[in-house]
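Notes follow the structure.
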Amino acid sequence: QVQLVESGGGLVQPGGSLRLSCAASGNMRSIYTMAWYRQVPGQEREFVANVRTGEPGNTNYADSVKGRFAISWDLNWKTSDLQMNSLRPEDSAIYYCNSEIVEWGDEVASQYWGQGVQVTVSS
């Protein structure tokens with residue numbers, strides 16, 4: 001089994017920063033991508049950022065967070081961080097970690113999700 005566990009959420013004032021972490025563990029043969037999504041209650045989950053673990057410089061961002069957020073991947077710890085700067089009230093959401101992982105014994109990758117972590121940007 002594979003687990004993704006997020007940490008680092010909380011309350012921050014507009015203009016502030018937060019750093020989210022996602023730790024992957026379990027029966028993993030290969031990790032292809034790590035990504036972050038967010039969801040506001042009553043709205044669809046939206047893409048925030050992703051990174052290809054084999055090419056740490058290969059990152060993608062939603063237009064709404066470009067220049068403010070940065071995603072990273074640590075191979076040794078198997079963790080993905082999302083550094084969020086210049087936060088705005090509209091960044092408030094539940095943030096979910098997502099990964100494409102091939103388990104030992106499988107031939108194709110499956111999608112896995114973390115449990116989510118709340119980020120609230122408010123004065």
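3J(HN,Hα) couplings calculated from phi for the stretch 63-76 with the Karplus curve 6.51 cos²θ - 1.76 cosθ + 1.60 (θ = phi - 60°) are, in sequence order, 4, 5, 10, 4, x, 10, 10, 9, 9, 9, 9, 10, 5, 5 Hz; Gly and Pro show x. Within the chain, antiparallel bridges make up roughly 95 percent of the DSSP beta bridges whose residues both belong there. Working note: Karplus 6.51/-1.76/1.60 with θ = phi - 60° gives the stretch 27-36 the couplings 7, 10, 8, 9, 10, 8, 9, 10, 9, 10 Hz, where Gly and Pro are set to x. Can you give the FRET efficiency for residue 30 and residue 113, using 1/(1 + (r/R0)^6), R0 = 22 Å, r = Cβ-Cβ distance, to the nearest 0.05? That gives a FRET efficiency of 0.80. In loop segments of the stretch 1-71 as defined by DSSP, the trypsin sites (Lys or Arg not before Pro) with at most 14 further C-beta atoms inside 10 Å of their C-beta are 66.
Taking amide H positions as modeled 1.01 Å from N, with prolines and chain starts lacking one, the residues under 5 Å from residue 92 and 5 or more places away or on another chain are 121. Sparsely packed loop sites in the stretch 30-111 (the chymotrypsin sites (Phe, Trp or Tyr not before Pro) outside DSSP H, G, I, E and B with at most 16 other Cβ atoms within 10 Å) comprise 77, 104. Sketch the reach of a paramagnetic label on residue 106 as a point 7 Å from Cα along Cα-to-Cβ, and name the residues of the stretch 23-66 whose backbone nitrogen lies under 20 Å away. Flagged as within label range: 23-37, 50-55. Of the GluC sites (Glu not before Pro) in the stretch 1-55, the ones in a loop by DSSP (not H, G, I, E or B) with at most 13 other beta carbons within 10 Å are 44. Directionally averaged projected area (the stretch 20-89, Cα convex hull): 5.6 nm². On the stretch 20-123, 46 percent of the accessible area sits on carbon and sulfur atoms, based on a 1.4 Å probe.
The values are calculated or read from the model by the stated rules, or taken from the named source; none is laboratory data. Bear in mind that the values here come from a model prediction, so they are computed numbers and not experimental data. Don't worry about glycine lacking a Cβ; one is built from the backbone with ideal geometry, like all the others, and counts go over all protein chains shown. Note: areas computed on protein heavy atoms with side chains; ligands, DNA, RNA excluded. Shrake-Rupley method; radii C 1.70, N 1.55, O 1.52, S 1.80 Å.
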